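Worksheet for the structure shown next.
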Amino acid sequence: MKVAVFSTKSYDRRFLEAANANAGHELHFIEARLSAQTSALAKGTVAVCAFVNDTIDRETLSRLKEGGCRLVALRSAGFNNVDLPAAREFDIAVARVPAYSPYAVAEHTIALILALNRNIHRAYARVREGNFALEGLLGFDLRGRTAGIVGTGTIGVETARILRGFGCRVLGSDPQRCDDFIALGGEYVALATLLAESDIVSLHCPLNPATHHLIDEAAISTMKPGVMLINTSRGAVVDTRAVIRGLKSGQIGHLGLDVYEEEGDLFFEDLSDHMIRDDVFARLLTFPNVLITGHQAFFTAEALTAIAETTIGNITSFAQTGRPAHEVSVERIA
Ligand code: NAD
């Protein structure tokens, strides 16, 4: 099957070509992000392969349909960037990679927690400057602390498992209970209780209308003063402006982000020769107790292998049966 692969980086190409070795699909690698404007690049391809910051709205889907597209295969778990009702209307199947390596994202979450707590980012810069002073680097023991996991799905459970290993009490909030979370010693509580009792709040829920700005001014005001907030899910689960106010007041003691509401204009590109025009993002960078990575939590060799293999599998099953193996249906929004 002919496939237009949007937002291609060198690593996407490497892992997709390896996964495609036996499947034999005709992969066309395109560096541009997918949008209504770039959709013409997929003209004549039945399948389109896209990533997290591609804009797969009604207009894009309508133009893809005109060009003959019948499948959008996402190289991601999240699918908040796809207008699923429009895809249904245009009879375009949408596939995703439901679980590639929850360990990759969970371990990155822990990396952010440990780096922020022990100020590794500041210590690294200090030592290179010959500054071995410890003032400002004071951390806390994780053992005995309470960590709140918002969204105890695949990634949330793995994060909880590691935190239990550190000796944390782990609270969870999720409309769906997970037996694994309970088995590893997690305690389900209401979100309000989780926010009030947690020293660390880590977000692992999908972005949808119910979770958009879940962490807003009101939620932040109910958290423990000095709380550590970690977001490796999707940027818009957090109201960034409210978080900045929380950092300025000291209500938020540490902030670790791998995702950002407006990351589409920044992440995955080398902008080091450009100025950052996003004033909200630039303000975040001024806080010593804020650590931001550019949507790299998924970025391990194991995860990229699994993403590529599942994506090629989705395309192959669509070619053989007319349905991708891991279809995202409009019903999932509900
Ligand atoms: P998952 O579907 O296995 O788990 C998500 C969980 O969130 C589910 O248990 C669901 O019931 C729960 N949930 C839904 N609404 C909720 C709410 N209002 N409050 C609390 N919980 C709620 O998904 P996953 O594989 O664990 O991934 C979680 C999210 O992580 C994805 O949606 C994606 O946005 C993000 N992600 C980020 C990266 C990265 O590189 N930073 C990589 C993969 C996934």
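The values are calculated or read from the model by the stated rules, or taken from the named source; none is laboratory data. This is a predicted model, so every value here is computed, not measured. So basically every Cβ, Gly included, is an ideal-geometry build from the backbone, and we count neighbours across all protein chains shown.
Some observations on this one:
- Unique residue being touching a residue at least 60 places away in the same chain (Cβ under 8 Å) and either crowded, with 18+ Cβ neighbours inside 10 Å or not hydrophobic (A, V, I, L, M, F, W, C) (or both) when the list is A87, A106: A87
- Subset of the stretch 197-229 (residues that are within 16 Å of I155 (Cβ to Cβ) and not in a loop (DSSP other than H, G, I, E, B)): I200, V201, S202, L203
- Residues satisfying the stated conditions in the stretch 281-299, i.e. touching a strand residue (DSSP E or B) at 6+ places or on another chain (Cβ under 8 Å), hydrophobic (A, V, I, L, M, F, W, C) and either assigned to a loop (DSSP other than H, G, I, E, B) or within 16 Å of the ligand (Cβ to nearest atom) (or both): L285, F287, L291, I292
- Taking residues in the stretch 157-175 that are closer than 12 Å to V189 by Cα, and partners anywhere that are charged (D, E, K, R) and more than 15 Å from the ligand (Cβ to nearest atom), the pairs with Cβ atoms closer than 6 Å and at least 6 places apart or on different chains are V170/R164.
- Here the condition is being part of a helix (DSSP H, G or I) and touching a Ser or Thr at 6+ places or on another chain (Cβ under 9 Å); of L116, L112, it holds for L112 alone.
- Any hit, the stretch 143-165, residues being closer than 25 Å to Q251 by Cβ, more than 16 Å from the ligand (Cβ to nearest atom) and either surrounded by 14 or more Cβ atoms within 10 Å (Cβ to Cβ) or modelled with pLDDT under 95 (or both): yes
- When R14 is tested against (1) surrounded by fewer than 20 Cβ atoms within 10 Å (Cβ to Cβ); (2) more than 22 Å from the chain's Cα centre (by Cα), only condition (2) is not met.
- Test for A77: is it within 16 Å of the ligand (Cβ to nearest atom), surrounded by fewer than 17 Cβ atoms within 10 Å (Cβ to Cβ) and modelled with pLDDT under 95: no
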